[in-house]
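Input: a single structure, listed below in structure tokens.
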Amino acid sequence: MSGETVFTYAAPGLKFGRGASREVGWDLAQYGARRVLLLTDAGVAAAGHAARVAESITSAGLDVTTYDRVRVEPTDGSWADAIEFALAEGPFDAVVAVGGGSSIDTAKAVNLLLTNEGELMDYVNAPVGGGRAPTKPLLPMVAVPTTTGTGAESTTICVLDVVALKVKTGISHARLRPTLAVVDPDLTTSQPPMVTASCGMDILCHALESWTARPYTSYDPKRPEQRVPYCGSNPIADMWAEKSLSLLAKSFVRAVRDGDDAEAREEMALAATFAGLGFGNAGVHVPHACAYPIAGRVRDYRPPDYPADEAMVPHGMAVVMTAPAAFDLLRAAAPERHRRAAELLGGEDLPTVLRSLMRDVGLPSGLAELGFDGSDVDDLVGGALQQQRLLATAPIEVGADELAGVFRASMEHW
């Protein structure tokens, strides 16, 4: 049987540039919105970003209700709290997220449960949840990222920790993609160094994983109803990934070392946007699959520049911890792509380039520094194996033995 001959591509509307967030009220009015729910977290609220967006909304003659209790690295409990608030304060006819991936993902989940019947776990990806698809359209949603990295403003997925199961998973459906992404680089200047470093690694892995993903032509032909947003590497996603890597090579380390470098901040914001437009269609694979159990099973690691009252491994940090070993495993599937990626980043060997960047931006030296050791490998492998939706996008078949090798090789990077 011949392989797939069709790939799909979708993206939100995009408004990019300094000062773009001041126009959110006008944008919402074009969707016919009158009563808006704005979701953010306490840190973003304290920086004043959410209030300025809310002022733009009210200046356009719209009502806005703000929820500012989004949890950094959301859980099923934090989502339930936001959903309960929205249902009690509604009805609303549009949703706005101001913040990082946590706020944008929480807004997606809230939007889903405002418009569709059922419980949160009904929609969480199987096998953790019911894997139910929404049957009704969602409200218009505007995503205003204040961090450069997650790409959540472009994607069809929202991610959470299911606390009782100690697993990070998500909800994935095309209807979760925001209607409009408003990317204003001025909002990222308040990002401290470790947040910038972690988010930048998320951008980097988004671009690298979509660039090295299984080609769309390698899949069996699908019927229209079988098509999913992650369709494998394809010419359009490749274009965005390459451009993202080129921008990161110039701006990433500069932005971490000097948060006031406006040019570096703008280039990172553009790199994040390009990477999101790529991986939001091609998909991600092994490093992201491994990141879920790393974040979900954290014990007492508390990263600098993040809330000190709770243990966490920020998403981008969790992703890049296994990236060098993962790309070492995968390079034989498409060595020319790995060489090209390394060249775009200014090196010759991709795992070596990644380890060097991790050192340069002050990230932990490996999983051991996060509190893991060899006795955790089987548990981490079990968690990664639950992410079959992601592993299916890898360019080779990746099972328990391969994942165990990746986790063991990631305990110490230097």
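What the table shows:
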item	result
Test set (1) among the small types (G, A, S); (2) at pLDDT 95 or above; (3) over 24 Å from E397 (Cα atoms); (4) surrounded by fewer than 18 Cβ atoms within 10 Å (Cβ to Cβ) - A174 fails condition number	(2)
Residue, surrounded by the most Cβ atoms within 10 Å (Cβ to Cβ), within the range 14-40, restricted to residues that are of a type in the set (D, E, K, R) and modelled with pLDDT of 95 or more	D27
Qualifying position, being modelled with pLDDT of 95 or more and exposed (fewer than 15 other Cβ atoms within 10 Å of the Cβ), among D360, D376	D360
Some residue of the range 307-323 being free of Cβ contacts under 8 Å to residues at least 12 places away in the same chain, assigned to a helix (DSSP H, G or I) and buried (at least 20 other Cβ atoms within 10 Å of the Cβ)	no
Tally, over the range 135-156, of residues that are within 11 Å of the chain's Cα centre (by Cα) and surrounded by fewer than 24 Cβ atoms within 10 Å (Cβ to Cβ)	1
Answer from T179, T169, T196 - the residue that is in the same structural domain as G283 (by TED's automatic domain parsing) and either modelled with pLDDT of 95 or more or in contact with a helix residue (DSSP H, G or I) (Cβ under 9 Å, 6 or more places away or on another chain) (or both)	T196
Filter result for P134 (in contact with a helix residue (DSSP H, G or I) (Cβ under 6 Å, 6 or more places away or on another chain) and either among the charged types (D, E, K, R) or modelled with pLDDT under 95 (or both))	no
Residues being on the phi > 0 side of the Ramachandran plot and touching a Pro at 6+ places or on another chain (Cβ under 9 Å) - total across the range 27-77	2
Residues of the range 186-204 satisfying the condition of being crowded, with 24+ Cβ neighbours inside 10 Å, of a type outside the set (A, V, I, L, M, F, W, C) and either free of Cβ contacts under 8 Å to residues at least 24 places away in the same chain or in a helix (DSSP H, G or I) (or both)	T188, T196, S198, G200, D202
Where A10 falls short, out of the listed (1) more than 24 Å from H173 (Cβ to Cβ); (2) of a type in the set (A, V, I, L, M, F, W, C); (3) surrounded by fewer than 16 Cβ atoms within 10 Å (Cβ to Cβ)	(1)
Where A109 falls short, out of the listed (1) among the aliphatic types (A, V, I, L, M); (2) touching a residue at least 40 places away in the same chain (Cβ under 8 Å); (3) farther than 25 Å from R227 by Cα	(3)
Considering residues of the range 165-185 that are in a loop (DSSP other than H, G, I, E, B) and not charged (D, E, K, R) only, the residue farthest from A29 (Cα to Cα)	H173
Pair list, Cβ under 6 Å, 6 or more apart: the range 117-143 residue in the same structural domain as D105 (by TED's automatic domain parsing) and closer than 20 Å to E225 by Cα, other residue assigned to a helix (DSSP H, G or I) and among the β-branched types (V, I, T)	K136/T115; L138/T115
Which numbered condition R299 misses (of (1) in a helix (DSSP H, G or I); (2) surrounded by fewer than 24 Cβ atoms within 10 Å (Cβ to Cβ))	(1)
The range 230-244, residues that are touching a residue at least 60 places away in the same chain (Cβ under 8 Å) and buried (at least 24 other Cβ atoms within 10 Å of the Cβ)	Y230, A237
Filter result (farther than 23 Å from P324 by Cβ and either among the basic types (K, R) or outside the structural domain of H288 (by TED's automatic domain parsing) (or both)) within the range 205-242	K222, R223, R227
Selected residue (criterion: farthest from the chain's Cα centre (by Cα)) from residues of the range 248-263 that are surrounded by fewer than 24 Cβ atoms within 10 Å (Cβ to Cβ) and of a type in the set (A, V, I, L, M, F, W, C)	A262
Single residue of the range 382-402 satisfying the filter (within 21 Å of the chain's Cα centre (by Cα) and outside any loop (DSSP other than H, G, I, E, B)) that is modelled with the lowest pLDDT	R389
Residue count, the range 44-81 (criterion: assigned to a loop (DSSP other than H, G, I, E, B) and out of contact with any helix residue (DSSP H, G or I) (no Cβ under 7 Å at 6 or more places or on another chain))	2
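The values are calculated or read from the model by the stated rules, or taken from the named source; none is laboratory data. The model shown is predicted, which means the values in this text are computed figures rather than measured ones. Neighbour counts run over all protein chains shown; Cβ positions are idealised from the backbone, glycine included.
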